Amino acid sequence: MDLREFDLKRFREERLKLTQEGLAKLLDMRQDQVSRLEKNPADMSLDRFLQLCDVAQMTPNQLLNYKLKNPDPLPLVDPYADIRRRRMRLEQYLEPWRAQLQAADDALFIKANEQLSDFEQVVRTYTAKPLLAFLGRSDAGKSRMINALTGTSQLPAEWQPTTSIRVYVKHIADKPSWMDEPVWVFKKPAPDDPGWDFRRFADEEYCNAWKLEAGSTDVLHKYGTRQGNREIEQEAGAAVVFVDAPILLGCDIVDLPGFGTGDREEDEIEAQRGREQADAVVYLSPANSFMNAEDITFIKHVIRDLPPVELDGTAPPALANLLVVASQAHIPAEEDLETILQTGAERVYHQVPAEVWAEKTAITGRQYTLTDFQQRFYTYTLDNGQLRLDLERALSQLLQEYLPGVWRHRVHQAINAARRKVLQYYDHEVARIKSMPHQREEVSARLEEIRRYQPELQAKLDSAKQAVYTEIGVLSHETRLKFEFWYGTYITPDTIEAIIRERKYTKRQAQEYIGGNLNDMIYTKVRTLLEQATTTLGRQVQHYLDTFDQGVTELSAVSIPGAQIPFDTKGALAGGLAAATVLGGFGVWAGSLGNIGTSILVAKGVSLLGAFGLVGSAGGAIANAMISAVADPVAFAVSMAVGLGLLMKWALGDKWQTRLGRRLYEAIKEQDVVAQYSQAIETYWADTKEGFRQVTQRMEDQVNAEIAAQERLLAEDSGSLERLLARTERIRDMFAGICWETEL
C-alpha cells in the first residue's frame, strides 16, 4: 500500500487516539497542516512520514501495511419482507391494467388511470420504509458511521467536512430495473424548491427529468463532496445510492451535510430538510467536544420536530426514534465517557423549552424525564466494539420492533380503505349508466336546472372565497403587528439579563446558551400567534367548504332518479391539496382526509411517521409542520448567536449580566431579527392565500368536469351505453380484484 491509500484520519483517531491538535503537537506542525495531510496523505514528506512512524512506534512497513478493521455491518432480520412480498404481488397484478389505461385516450380510461395513480400513491406511501437521518456537525463522522453500519465504503468519508448534498442510501433490491447504475445524482433545485423527492425514486420519467449524472461511487465523489470542483459541486442537490446491506431492509438512510461549517448556508438548509423528512434520527457529536453550543442549538429543534414513535398502543421507550451519539468515543479516557454522556444529556434537556416537552406529553400521554432522555445517549467508535454495542442494540430494536409495529396495521388499513373508496365510485357509475336509458328525460331536465343554478352557486363560492382572502389579509397584518409589539415590549436588555439571572448562568454558560434561549422565546411566540390565527381563519375556510358541499349537493351533478350519487367533496379537496404547489396554513385541512391526507403531507415533505401522527389529530400540530417550513428556528438561532464569543469581552465586572444583555440586544438589533421573523410571518400568510386559491380552483374545476361528464353520458345512444357499461364494469372488476390480506 502507498500513502495515497493510507487513511491518516482513521489511523489518528482509532490507532493513535489523538485529536488533530494532539498529533500536530507531536509532529511539531500546525493543526491545519494535519487537516490537509488527512485530505491528501500522499503529500506527506519522507521526514514527516518517519516522524509519524516514531509517534506510532511502528516501522515504515508496519505502518504502511496496517489495516484498520471495520466492524461487521449491523445485522437485521427483514421486518418488512411480508409487506414487500404483498406489494410485489399487487404490482404484478396491476401492471397489465396500468399499460392498458395509459394507452387509451377516452375520458373513462383517463379517469381510471388517475384513480389508479392515486391508489398506487397510497400504496407507495404506506409501504415505504422509515427514513433514518444522520445529523450532526461537519466533523462528527456521519458518513463513516453509515459506511460501517452498511458494511460498505460507498459514501465519501475523508477529512471533514465532506458531504455537500443529501445522499439517500437504499437497499439494492429497491433499485428500479431501468436504473442501470448504482448511483444517481440529481440537479440542484431553484431557491424555495424542495428539489428531487426521494420518495419518487421509482418514477422513471420524474427521475430522468431531475437526473444530472449516473455511475459508480466516483460520481458521488465528483458531485457530492466539498473536495472537488466548486462549480461542478454546485450543480447537484441530491443523490441516491443502492447498497446491499441488511440494515437497509429496515429503513432508508439519508446522509446530510454537517452544519456549522460557517461558509455554506446550503448545509444548514439541507440539514433542515432532512430533519423534516426523518422518521428517526441518529445525532452525532464528537465525544471530545460533546454537545457544544452549536449541537444544543440544533438538537433542541430536532427534538421539537421529531414525531413520536410511542403511539398506537406500542410501548417503546420515550423518544425511541432519537439516538444521540458521542462519536469517536475512543479519544477520551473510557472512564470519562459515562460522565460525558450524562452531562451532555443534562445540558440539552434543560435547554429544551418546557413547552416542547409539554406538547409531546399532550400527544403521547407520557412524561419525558431527564432519566428517559439520558437513556437515549450512546457512545460509538469503530475501534472498540464494546463502546458501540448499546447503540447497535438500540438501533436494531428501533428498526426491527418499534417502527414496524407502527407500520404494519397502517398498511392494511390504508390500502383496503383506498380500494373500498374507488370501488364505491364504480358501483355508483355502473348504477348511473344502467339507469340512463330509462331516465333520459329526467336527466336532461335535471342538467338544465343545474346549468341555471351554476351562476348562483359560483357567486356564493366567490363571495366565500373573498371572505377568506379578506380574513387572510387581516390576520397577516394583525399577526405581524402583534409580534412586533410583543417583541418591542419583551425583547429588551432587561429581558436578556433576567434570563441569565433566572437560570443562574455562569459567564461561559451565558455565552453558550443565551442566544438560543432568546430565539426559543421568539420562535415560540411566532408559532403561537400563527397557530391561533390559523384557527381563526379556519372558520372562514370552513364556511367556503360548507358552501361548496351544500352547493354541489344542491346541484346533484352526479345524481339521477334511482341512482343517488353524492359528489365526492373530500375527494375534490384532496385533489386540490395534492396539486397545490404551496399550502401554508391551509395544510391543516389535510388532517380531515385520512389516508389520502397522509399521502399529501408526505408529498409535501412531512415525514411518514409525522404524517401518521398528524392526520386526524388537532389541526395545530399540522400547522406546526407548515410553520417550521417557513421559519427555520435553527437558522435564526445561529444568526442570532453570531459574535457571542466577542461579546464576552464586554461582560466584565460585577454587572456582567447587564453588560452582556445590552450588547446582545444591540447585536440582534443590528441583524434585524424582528424583520426576519416578520418576513417569515408574511410568507406564511402569502403561502396560505396562494394555497387556498389553488385548492379551491381545482375543486371548482372538478365540479365542472363532473357536469360535462353527465352531458357526455346523456348524449350516448343505447349501443354506446352498453359498451360503456361493459368497460366500466371491467374497470370496477380490476379494482375489485386487488388483493391485500386483512392480517399482517
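The values are calculated or read from the model by the stated rules, or taken from the named source; none is laboratory data. Please read these numbers as outputs of a predicted model, since none were measured by experiment. Glycine also receives a Cβ, built like all others from the backbone with ideal geometry; neighbour counts cover every protein chain displayed.
Observations on the model:
- Members of the range 545-581 found to be surrounded by fewer than 22 Cβ atoms within 10 Å (Cβ to Cβ) and at pLDDT 80 or above, listed by number: 545, 546, 547, 549, 550, 569, 570, 571, 575, 578, 579, 581
- Residue 390, sole failed condition from (1) surrounded by 15 or more Cβ atoms within 10 Å (Cβ to Cβ); (2) touching a helix residue (DSSP H, G or I) at 6+ places or on another chain (Cβ under 9 Å): (2)
Residues checked against (1) in the same structural domain as residue 516 (by TED's automatic domain parsing); (2) part of a loop (DSSP other than H, G, I, E, B); (3) closer than 19 Å to residue 306 by Cα:
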position	(1), (2), (3)
326	no, no, no
332	no, yes, no
336	no, no, no
341	no, no, no
348	no, no, yes
356	no, no, yes
363	no, no, yes
378	no, no, yes
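- Whichever residue in the range 211-235 is of a type in the set (A, V, I, L, M, F, W, C), at pLDDT 80 or above and surrounded by fewer than 22 Cβ atoms within 10 Å (Cβ to Cβ) and, among such residues, is nearest to residue 181 (Cα to Cα): 214
- Count of residues meeting criterion [in a loop (DSSP other than H, G, I, E, B) and surrounded by 16 or more Cβ atoms within 10 Å (Cβ to Cβ)] in the range 717-743: 2
- Checking residue 738 against (1) at pLDDT 85 or above; (2) under 31 Å from the mean Cα position of the chain (by Cα); (3) assigned by TED's automatic domain parsing to the domain that holds residue 513, the condition it does not meet: (3)
- Reported count of residues in the range 708-740, each being within 27 Å of residue 448 (Cβ to Cβ) and not β-branched (Val, Ile, Thr), is 18.
- Residue in the range 355-368 that is more than 27 Å from the chain's Cα centre (by Cα) and not hydrophobic (A, V, I, L, M, F, W, C) present: no
- In the range 315-358, of all residues being in contact (Cβ under 8 Å) with a residue 24 or more places away in the chain and among the acidic types (Asp, Glu), the one that is farthest from residue 520 (Cα to Cα) corresponds to 334.
- Residue within the range 413-431 that is within 30 Å of residue 320 (Cα to Cα) and buried (at least 18 other Cβ atoms within 10 Å of the Cβ) present: yes
- Residue in the range 69-87 that is of a type outside the set (Gly, Ala, Ser) and under 18 Å from residue 12 (Cβ atoms) present: yes
- Test: residue in the range 436-446 that is out of contact with any Phe, Trp or Tyr (no Cβ under 8 Å at 6 or more places or on another chain), under 30 Å from residue 727 (Cα atoms) and not in a helix (DSSP H, G or I): yes
- Neighbours by Cβ (under 9 Å, 6+ apart or cross-chain): first from the range 453-466, assigned by TED's automatic domain parsing to the domain that holds residue 703; second of a type in the set (Gly, Ala, Ser): 453/551; 456/551; 457/551; 458/551; 460/551; 461/551
- Filter result (of a type in the set (D, E, K, R), crowded, with 17+ Cβ neighbours inside 10 Å and more than 24 Å from residue 119 (Cβ to Cβ)) within the range 694-715: 700
- Take the conditions (1) at pLDDT 90 or above; (2) more than 19 Å from residue 609 (Cα to Cα); (3) among the hydrophobic types (A, V, I, L, M, F, W, C); residue 131 misses just one of them, which is (2).
- First in the range 182-195 and outside the structural domain of residue 240 (by TED's automatic domain parsing), second anywhere and at pLDDT 85 or above, Cβ under 8 Å, 6 or more apart: none
- Boolean, residue 372 is in contact (Cβ under 8 Å) with a residue 60 or more places away in the chain and of a type outside the set (Ser, Thr, Tyr): no
- Filter pass, residue 132 being touching a residue at least 40 places away in the same chain (Cβ under 8 Å), crowded, with 16+ Cβ neighbours inside 10 Å, under 19 Å from residue 598 (Cβ atoms) and out of contact with any Pro (no Cβ under 9 Å at 6 or more places or on another chain): no
- When the range 474-504 is limited to residues that are under 30 Å from residue 691 (Cβ atoms) and free of Cβ contacts under 8 Å to residues at least 12 places away in the same chain, the one that is surrounded by the fewest Cβ atoms within 10 Å (Cβ to Cβ) turns out to be 485.
- The range 56-70, subset surrounded by 14 or more Cβ atoms within 10 Å (Cβ to Cβ) and not aromatic (Phe, Trp, Tyr), residue nearest to residue 19 (Cα to Cα): 56
- Residues located in the range 97-122, provided they are in contact (Cβ under 8 Å) with a residue 24 or more places away in the chain, among the polar types (S, T, N, Q) and closer than 20 Å to residue 708 by Cβ: 115
- Total residues in the range 661-688, condition farther than 30 Å from residue 500 by Cβ and either in contact with a Phe, Trp or Tyr (Cβ under 6 Å, 6 or more places away or on another chain) or surrounded by 19 or more Cβ atoms within 10 Å (Cβ to Cβ) (or both): 4
- Taken over the range 188-210, residues that are in contact with a helix residue (DSSP H, G or I) (Cβ under 6 Å, 6 or more places away or on another chain) and surrounded by fewer than 17 Cβ atoms within 10 Å (Cβ to Cβ) amount to 2.
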